[in-house]
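Novice: Input: one structure, supplied below.
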Amino acid sequence: MFAAKTITIFAAALATLYSAVSAAPTPTKNEVAARQIAPAGATHSVVVGRGGLRFDPDNIVAEPGDIVEFHFLPRNHSVAQSNFANPCQPIGSTAFFSGFVPIAYGQAPDVFQITVEDRNPIWFYCSQTTGNHCQSGMSGVINQNFDSNEFTLARYRARAAEIGGVSTSPAAVGGNLAARVLPNPNPLSGF
Ligand SMILES: *[C@@H]1O[C@H](CO)[C@@H](O)[C@H](O)[C@H]1NC(C)=O
Ligand SMILES: [Cu+2]
């Protein structure tokens with residue numbers, strides 16, 4: 001009798017303990033708000049004009065919220081947004097654009113940043129027409145679809161060369177993806 005009662009009490013205590021452990025805590029208002037704040041994204045540096053008419057790196061994988069920051073080397077490059085279908089041409093009237101960044105040596109005093117919003121591919125090119133940089137292969141992509149053999153950076157470049165003609169620059173500096181020009185955080189770093 002005594003033993004059975006003890007077991008019953010023990011089982012009840014266990015049940016209480018179990019429900020206390022397994023029940024999901026009810027979030028307070030502050031906890032809910034905190035979870036909705038996106039974590040600070042990583043910054044991916046891209047060097048414009050390192051190793052000739054190219055972006056280095058030119059194929060970037062970035063998470064939504066990440067920043068892609070372009071650093072400019074000599075002599076006179078830009079970053080402009082296109083799509084896959086029309087290489088070396090701006091994607092509509094809101095294409096992002098750094099403007100031309102002429103510099104004789106070292107790194108330009110300003111950088112150009114965009115913020116990645118989702119995992120869709122973002123295509124970009126240098127719109128310098130003197131020397132046809134884009135037609136010569138100066139282009140890059142963020143979040144290329146690696147499941148596709150068609151929408152590759154290699155094919156973008158091949159099509160840019162094949163279509164030829166002259167690049168167009170977007171009308172204004174700034175544009176999509178919160179594009180902005182900022183002081184170079186580390187202009188003396190040796191790229
Ligand atoms: C840089 O290139 C742009 C576009 O071709 C041109 O308008 C500008 O004059 C160039 N700047 C310098 C300093 O060469
Ligand atoms: Cu260029």
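Novice: Pick from the range 54-107 the residues that are hydroxyl-bearing (Ser, Thr, Tyr) and surrounded by fewer than 22 Cβ atoms within 10 Å (Cβ to Cβ): which of them is farthest from ALA171 (Cα to Cα)?
Specialist: Looking at the filtered set, the residue picked out is TYR105.
Novice: Identify the single condition in (1) touching a helix residue (DSSP H, G or I) at 6+ places or on another chain (Cβ under 8 Å); (2) modelled with pLDDT under 95 that GLN144 does not satisfy, given that it satisfies every other one.
Specialist: (2)
Novice: Right, here's the next one. Please enumerate the residues belonging to the range 114-152 that are loosely packed, with under 15 Cβ neighbours inside 10 Å, of a type outside the set (Ser, Thr, Tyr) and within 16 Å of ligand 1 (Cβ to nearest atom).
Specialist: GLY131, the sole residue that qualifies.
Novice: Please work out if GLY174 is in contact (Cβ under 8 Å) with a residue 40 or more places away in the chain and either touching a His at 6+ places or on another chain (Cβ under 7 Å) or within 16 Å of ligand 2 (Cβ to nearest atom) (or both).
Specialist: No: the conditions fail for GLY174.
Novice: Restricting to the range 118-171, count the residues that are assigned to a strand (DSSP E or B) and free of Cβ contacts under 8 Å to residues at least 40 places away in the same chain.
Specialist: Residues in the range 118-171 being assigned to a strand (DSSP E or B) and free of Cβ contacts under 8 Å to residues at least 40 places away in the same chain: 0 in total.
Novice: Just the residues that are under 19 Å from the mean Cα position of the chain (by Cα) and over 16 Å from LEU182 (Cα atoms), please, taken from the range 67-86.
Specialist: Of everything in the range 67-86, those that are under 19 Å from the mean Cα position of the chain (by Cα) and over 16 Å from LEU182 (Cα atoms) turn out to be ALA80, GLN81, SER82, ASN83, PHE84.
The values are calculated or read from the model by the stated rules, or taken from the named source; none is laboratory data. Because the structure is a prediction, the values reported are computed rather than measured. Reconstructed Cβ throughout: ideal geometry from the backbone, glycine too, with neighbour counts over all protein chains shown.
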